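Please treat every number below as a calculation from the coordinates, not as lab data. Note that this is a predicted model, so its numbers are computed, not measured. Note that we place each Cβ from the backbone using ideal geometry, even for glycine, and neighbour counts take in every protein chain shown.
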Amino acid sequence: MQFFGQNLSCMRGERLVFSGLDFTVKPGSVLVLSGNNGSGKTSLLRIMAGLTHPIAGELAWHDGFVADNPERHHKRINFVGHLDAVKAVLSVYENLKIWASLNGGTDKTISVALKKMGLEGLENTPGQYLSAGQKRRLSLARLVACHTKLWLLDEPTIALDPASFNALRDLITEHRNSGGMTIIASNVDLKIRDTTELNLHNFATISEGIWEGVG
């Protein structure tokens, strides 16, 4: 099973951020998106997740184009953005339960996720009372609570302490060892072996020093 993009171009506002971008992700591989602020890392991840559309090019799996079967695509991916999608009024367990229910997770996978991300004992804590680091760990816990082939991670190390950083690295290693694929937008070295880098600067269509706040 492979996931790939062909000749992708992205527009933000009236600016063409990148064009002619190709990538291929194979089972067990980790692709790291790098580049300066504004180079399009977040935009590319959102395109990969099906949240926005490229102005040119195609996304595809080994068995067909994403545009032809977006529902199948969504069932294969798990997207964790740089903002934590934690519902404030729901408990840690309830947040995970909702995410797990969307992708075939069970009470067992939720329990494993809580343990791996150091959230045991916080199951009944509402999201609004979690620290920034705890919210980030809860967002990442969905990777374990759900069963998906492809993980899309946008700046996943934000607010993580060293122990949680190592836990995330271990999750990615376990995922790839089981044949899973991971695409990470980050300028932080996660110290993961045998990664492939995709530098979006190589596909830039606008000058250096571009606006802040667009990944």
Requested in this report: Name the residue, out of Leu190, Leu198, Leu138, Leu168, that is crowded, with 18+ Cβ neighbours inside 10 Å, under 16 Å from the mean Cα position of the chain (by Cα) and part of a strand (DSSP E or B).
Outcome: Leu198
Query - Output for region 165-183, where each listed residue is in contact with a helix residue (DSSP H, G or I) (Cβ under 7 Å, 6 or more places away or on another chain) and within 16 Å of Val112 (Cβ to Cβ) - result: Ala167, Leu168, Leu171
Query - Residue identified as over 30 Å from Thr125 (Cβ atoms) and either of a type outside the set (Lys, Arg) or in contact with a Lys or Arg (Cβ under 7 Å, 6 or more places away or on another chain) (or both) among Ser39, Ser91 - result: Ser39
Report summary line: Exactly one of Asp154, Asp107, Asp194, Asp189 is closer than 26 Å to Gly40 by Cα and free of Cβ contacts under 8 Å to residues at least 12 places away in the same chain, and that residue is Asp189
Requested in this report: Can you run down the residue pairs with Cβ atoms below 7 Å, 6 or more apart or on separate chains, where the first is in region 68-79 and without any contact (Cβ under 8 Å) to a residue 60 or more places away in the chain and within 12 Å of Met48 (Cβ to Cβ) and the partner is assigned to a helix (DSSP H, G or I) and not acidic (Asp, Glu)?
Outcome: His73/Val66
Report task. Scan region 36-54 and report the pairs whose first residue is on the phi > 0 side of the Ramachandran plot and whose second residue is in a helix (DSSP H, G or I), with Cβ atoms within less than 7 Å and a gap of 6+ or a chain change. Result -> Gly40/Leu200; Gly50/Val66; Gly50/Pro70; Gly50/His73; Gly50/His74
